[in-house]
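Scroll down for the structure; my scribbles are underneath it.
The values are calculated or read from the model by the stated rules, or taken from the named source; none is laboratory data. Note that this is a predicted model, so its numbers are computed, not measured. Here the Cβ positions follow ideal geometry from the backbone for every residue, glycine too, while neighbour counts run over all protein chains shown. Remember, those area values only see protein heavy atoms, side chains included, never the ligands or the DNA or RNA. Shrake-Rupley method; radii C 1.70, N 1.55, O 1.52, S 1.80 Å.
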Amino acid sequence: MTAPRRRGRPNADTAGDTKQAILDAARTQFAAKGFAGASLRSIAADAVVDASLISHYFGDKARLLVATMQLPVNPVEKIASVVQSGPDGMAERLLRTFLGAWDPHRDAFSTLVRTTLGSGDGQAPMLQLARNVLITSLVGVLEGDDRELRANLIAGQLIGMATMRYVVRVEPLADASIDDVVRLYAPPMQQLIDG
């Protein structure tokens with residue numbers, strides 16, 4: 001006789017279907033309503049599951065967004081580890097983490113950026129990720145009245161540099177070493193972090 005499964009947990013036979021239903025509902029809602037407009041309850045309702053299953057499988061709404069994008073790396077975890085250490089030296093850590101994560105996946109990043117820029121959609125997943133993960137995380141640790149503007153500028157610097165490196169592939173940036181990019185790019189970014 002098997003032990004009864006705990007309340008709110010899916011049985012092993014339907015777990016894959018449940019996760020897929022949540023991802024499908026989340027993609028639809030993020031596309032229609034944006035990150036802020038889509039709620040976990042409404043996603044769960046569309047997926048016909050208990051809302052607690054979203055937390056069980058994905059953790060929170062930001063991680064659910066990342067899961068819908070099927071990225072080769074989880075930027076939420078990468079950004080969290082950089083931001084947790086505070087503003088001192090953050091530019092170097094942020095650049096090393098960003099480049100170290102994306103250099104091996106240049107084609108995936110390039111596709112993501114091209115799709116986002118080509119769509120003209122203000123709710124495109126990459127823009128939602130930048131706004132609701134990167135910028136929100138930065139605003140949480142930066143100090144000063146202009147920290148939101150500075151967080152936006154830092155995100156713009158990262159996305160702009162990445163677009164030139166991975167999408168447009170402008171030389172010598174496209175093939176520059178991570179050390180060279182960090183040496184030249186971190187100081188002005190750190191000025192924005194420091195305010």
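Out of Asn132, Asn152, one residue alone is open to solvent by 20 Å² or more (accessible area, probe 1.4 Å), of a type outside the set (Val, Ile, Thr) and modelled with pLDDT of 90 or more. It is Asn152. Evaluation of Gly86 against the conditions (1) modelled with pLDDT of 80 or more; (2) over 21 Å from Leu153 (Cα atoms); (3) not aromatic (Phe, Trp, Tyr) shows that the sole unmet condition is (2).
One line per residue, one yes/no per condition, for (1) among the aromatic types (Phe, Trp, Tyr); (2) more than 25 Å from Phe30 (Cβ to Cβ); (3) open to solvent by 20 Å² or more (accessible area, probe 1.4 Å); (4) at pLDDT 90 or above:
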| residue | (1), (2), (3), (4) |
| --- | --- |
| Ala91 | no, yes, no, yes |
| Phe98 | yes, no, yes, no |
| Arg147 | no, yes, yes, yes |
| Val167 | no, no, no, no |
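Evaluation of Val113 against the conditions (1) at pLDDT 90 or above; (2) within 21 Å of Ile159 (Cα to Cα); (3) of a type in the set (Val, Ile, Thr) shows that the sole unmet condition is (1).
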